[in-house]
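Data block below; observations after.
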Amino acid sequence: GIGSAKLAADLLQLRLTAWGYSEIRPDCLRLLSLTWPDAVAFPPVAAIAQSHLCELWSGAPRAKHLIIAAGSPCQGMSAANADGRGLLDERSALIRDVPRIIALAELAMPGVYIHWMVENVFSMTYAK
């Protein structure tokens, strides 16, 4: 969900030196910017470029680890959607950008250990 990775990090008392998010819904953008005003707001996922990751790293140049937490909208993957198209749904297909963003991070942040996770609905296992 919206900001759930940051919320989890806060609950685990992880000390984050910088963090960013990508969101397109105006109501979600407002919530994120009000809740975490120091976060880097990235453009929509498909438009994230190496320069955006360099901006994030410039706020924490001594960082040794980067955690990429990603999840695409679930509508196309959810078993609750009888018309779900799985990864053929353009919203769900955003998950395909994760390897590209990881590769960009490797270029933007040499020497940083990159950890990543992807989340979505449980029923995606059975998505068409």
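Carbon-plus-sulfur accessible fraction, the chain (probe radius 1.4 Å, protein heavy atoms only): 61%. What do you get for Rg/Rh of the stretch 1-46 when both radii come from the Cα atoms and Rh is the Kirkwood radius? My calculation puts Rg/Rh at 0.95. Ordering 85-95, 24-34 by mean Cβ neighbour count within 10 Å, with the highest value first, yields 85-95, 24-34. Solvent-accessible area per residue in the chain equals 66 Å², computed with a 1.4 angstrom probe and all protein chains kept. Seen against the Cα atoms of the chain and their longest principal axis, helix 98-108 is set at about 10 degrees. Gain on full extension, evaluated as 0.36 nm per residue between Leu34 and Ile102 minus their Cα-Cα distance, stands at 21.8 nm. Computed about its Cα centre, the charge dipole of the chain is approximately 180 debye, with only Lys, Arg, Asp and Glu carrying charge at their Cβ.
The values are calculated or read from the model by the stated rules, or taken from the named source; none is laboratory data. It should be emphasised that the depicted structure is a prediction, and the values quoted were computed from it without experimental measurement. Heads up, the Cβs are rebuilt from the backbone with ideal geometry, glycines too, and the neighbour counts pull from every protein chain shown. We work out accessible area using only protein heavy atoms, side chains counted, and drop any ligands, DNA or RNA first. Shrake-Rupley method; radii C 1.70, N 1.55, O 1.52, S 1.80 Å.
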